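The values are calculated or read from the model by the stated rules, or taken from the named source; none is laboratory data. Just so it is clear, the model here is predicted, and its values are computed rather than measured. Here Cβ is always computed from backbone atoms with ideal geometry, including for glycine, and neighbour counts include all displayed protein chains. Just so you know, the surface numbers come from the protein's heavy atoms only, side chains and all, with ligands and any DNA or RNA stripped out. Shrake-Rupley method; radii C 1.70, N 1.55, O 1.52, S 1.80 Å.
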Number of protein chains: 2
Amino acid sequence: MDEIKIIALKESVLEDNDRDAQALRDELKAQGTCLLNLMSSPGSGKTTTLLALNRAFGGRLRWAVMEADIDSAVDARTMQEAGVPTVQLHTGGMCHLDADMTRQGIRALNIPNAELIVLENIGNLVCPAEFDTGAAINMTILSVPEGDDKPAKYPLMYEKCDMLVVNKIDTLPVFDFDKERMEQAARTRNPNIEVYYISAKTGEGVQALADVLVRKVKEWNAK
Amino acid sequence: MDEIKIIALKESVLEDNDRDAQALRDELKAQGTCLLNLMSSPGSGKTTTLLALNRAFGGRLRWAVMEADIDSAVDARTMQEAGVPTVQLHTGGMCHLDADMTRQGIRALNIPNAELIVLENIGNLVCPAEFDTGAAINMTILSVPEGDDKPAKYPLMYEKCDMLVVNKIDTLPVFDFDKERMEQAARTRNPNIEVYYISAKTGEGVQALADVLVRKVKEWNAK
């Protein structure tokens, strides 16, 4: 068998988003708002997880959601119906949000006393990881059916995230998903990544995750 | 409940990739090669589907694969071990391939008498749909666990695809996946889209899909 040929393709590089993101993080810190940037593949259960967390927060946090989406408003409607203040961000085809786009959303949301704002980023494991949004916490969801090889194949996402939530664990019996293999790949990229296992559908693990989040948000805002 | 606020964020626009893509399509046509651009979310089973198709082709096609990946070579190795000539394309973080990058891959592959070349695009439902690669056939895979709402939420992908392959149908009993709802959403965007149901794992539906592909490739190359 021949060696596989590797061809390095060119990429284009950008701007000074990093400075802008740090400025936004400082502004939010000053007003006592923790921004959480939630990323994942399409269909891993971002909105369902937020709905489950809302129940598990049990009113302990003033929080709001920004739903970024290519062009539908389905998720925003669902969140709002659950009683969570929500704004829909249409990106007009853009595959990620940067700090400036995030700031536009926060201004439109206009809830200066929110303790937590969640940005539900575009369903995409690639581009969102490349752009600092100004978030205090970066979280990614990996659902069991996507496979345990995702941290190996989309390393930047796992490098950039503080928290990894493995969702749909109720389907573990149906799929070949090796938790140890997955965790090892994730920790190779990011030794500090925190891993949580939940089923947003059945509720398993959700209360524990909600409790951690409440604590992290209160700590961030108190510092 | 208040109306949901919609904020239109700005996007940046690009180049004349369309002309380049048409030129590549013409070149490939002249040499009797059908290029198939395979797109999907991460983890929907692109590589597993190609392996299953390879068995079902049963030697009826001279074909080769280009595996585009952020930085691993796992999929290319798997394909090559199955006896399919394969080249790995590293995009260095880029979230899609355009026609020029595709041409670089085809040159590196260097199999001018291939009847079919499959480009396994980056696992991403957003960006790859925006760029014509020069392919004669655009195909997307949607796996059952991702949910039946994907055509509604990522419309451009379904608009641009000729063939929609629904994979992992062996898991239909475990997930709430409404085939009719999904198909209706897809056909609203693209009345001509062809829908196929398979399980690359169990083999269900794979032979029928392989037969359709063999016919399409031979027809394209004969025209």
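Report, largest value first, the span of the C-alpha coordinates of the range B:119-194 along each principal axis, in whole Å.
Principal-axis extents of the range B:119-194 (Cα, largest first): 38, 24, 19 Å.
For chain A, list the cysteines whose Cβ sits under 4.7 Å from no other cysteine Cβ?
Result for chain A is A:Cys34, A:Cys161, no neighbouring Cys Cβ within the cutoff.
Rounded to a whole number, what % of the accessible area of the range B:77-167 do carbon and sulfur atoms account for, probe 1.4 Å?
Numbers: 1030 of 2240 Å².
Roughly 46 percent, rounded to a whole number.
For the interface of A with B, what's the total buried accessible surface in square angstrom, probe 1.4 angstrom, rounded to the nearest hundred? Before the final figure, lay out each step's value.
On the way: alone 11450 and 11450 Å², together 18060 Å².
Summed over both sides, the interface buries about 4800 Å².
Classify the range A:59-162: rounded, prolate or oblate, from the alpha-carbon gyration tensor (a ≥ b ≥ c, eigenvalue square roots; a/c under 1.5 rounded; otherwise prolate if a/b is larger than b/c)? Each step should come with its number before you reach the end.
Working: a/c = 1.61, a/b = 1.56, b/c = 1.03.
Because a/c hits 1.5 or more and a/b exceeds b/c, the range A:59-162 counts as prolate.
Of the peptides A:180-193, B:160-173, how do they stack up when ordered by the mean number of other Cβ atoms within 10 Å, highest first? Mind showing how you got there, number by number?
Values: A:180-193: 15.0, B:160-173: 20.8.
Going by the mean number of other Cβ atoms within 10 Å, highest first, we get B:160-173, A:180-193.
Rounded to the nearest whole Å², what accessible area per residue is found for the range A:145-223 with the 1.4 Å probe? List each step's numbers first, then the result.
Details: 3750 Å² over 79 residues.
That works out to 47 Å² per residue.
Can you list, shortest first and in nm, the gaps between the label point of B:Asn110 and those of its counterparts in the other copies, using a point 7 Å from Cα in the C-beta direction?
Distances to the matching label points in the other copies: 6.3 nm.
Translational D (Stokes-Einstein, µm²/s) of the protein assembly as shown at 37 °C and 0.692 mPa s when Rh comes from the Kirkwood sum over C-alpha pairs? Don't skip to the answer; put the middle values down first.
On the way: Rh = 22.5 Å.
This corresponds to a translational diffusion coefficient of 146 µm²/s.
Counting only Cβ atoms, what residue of chain A lies nearest to the axis that sends chain A onto chain B, and how many whole Å off?
Nearest to the symmetry axis by Cβ: A:Pro145, 2.
So for chain B, what percent of the C-alpha to C-alpha distances run longer than 27 Å? Walk me through the intermediate numbers first.
On the way: 7674 of 24753 pairs.
Here the tail beyond 27 Å accounts for 31 percent of pairs.
Just counting partner chain Cβ atoms within 10 Å, what average do the residues of peptide B:35-46 show around their Cβ? Write out the running numbers ahead of the final one.
Working: counts 0, 0, 0, 0, 0, 2, 9, 15, 15, 6, 3, 0.
For peptide B:35-46, the averaged partner shielding equals 4.
Take peptide B:144-151, look around each residue's Cβ out to 10 angstrom, count Cβ atoms belonging to other protein chains, and average those counts. Don't jump to the answer; show the numbers that get you there.
On the way: counts 2, 11, 9, 5, 1, 6, 3, 0.
The per-residue average across the peptide is 5.
Quick one: the Cα spread of the range B:159-214 along its three principal axes, in angstroms, biggest first?
Taking the Cα atoms of the range B:159-214, the three principal extents are 33, 30, 13 Å.
Percent relative contact order of chain B, based on C-alpha pairs within less than 8 angstrom and at least six residues apart?
Values: 411 pairs, mean separation 57.0, N = 223.
Over chain B, the number comes to 26 percent.
How big is the range A:24-114 on each of its three principal axes, counting only the C-alpha atoms and giving the largest first in Å?
Rounded to whole Å, the extents work out to 32, 31, 19 Å.
Which entries in the list A:Lys179/A:Lys223; A:Lys150/B:Lys216; A:Lys179/B:Lys216; B:Lys160/B:Lys223; A:Lys168/A:Lys216; A:Lys216/B:Lys153 go over 29 Å, if you measure between the two C-alpha atoms of each?
Values: A:Lys179/A:Lys223 34 Å; A:Lys150/B:Lys216 32 Å; A:Lys179/B:Lys216 41 Å; B:Lys160/B:Lys223 22 Å; A:Lys168/A:Lys216 24 Å; A:Lys216/B:Lys153 31 Å.
Over 29 Å apart, Cα to Cα: A:Lys179/A:Lys223; A:Lys150/B:Lys216; A:Lys179/B:Lys216; A:Lys216/B:Lys153.
Show me the ranking of peptides B:202-209, B:122-129 by mean Cβ neighbours inside 10 Å, starting with the highest. Mind dumping the intermediate values first?
Working: B:202-209: 16.2, B:122-129: 26.5.
So the peptides B:202-209, B:122-129, ranked by packing, come out B:122-129, B:202-209.
Binning at 10 angstrom from zero up to the longest distance, how are the C-alpha pair distances of the range B:67-127 distributed in percent?
22, 56, 22, 0
Can you show me the helix-derived [θ] at 222 nm for chain A, built from DSSP H runs with n ≥ 4 at -39,500 (n - 2.57) apiece and divided by the number of residues, rounded to the nearest 500. It would help to have the intermediate numbers written out before the result.
Details: 8 runs with 84 residues, N = 223.
Counting only the DSSP helices, I get -11000 deg cm²/dmol.
Given label points at 7 Å from Cα along Cα→Cβ, what nm distances, shortest first, separate B:Arg19 from the same residue in every other copy?
Label point to label point, same position, other copies: 3.7 nm.
Sort shortest first the distances from B:Gly83 to its counterpart in every other copy, using label points 7 Å along the Cα-to-beta-carbon line, and give them in nm.
Those separations, rounded to one decimal, come out as 6.2 nm.
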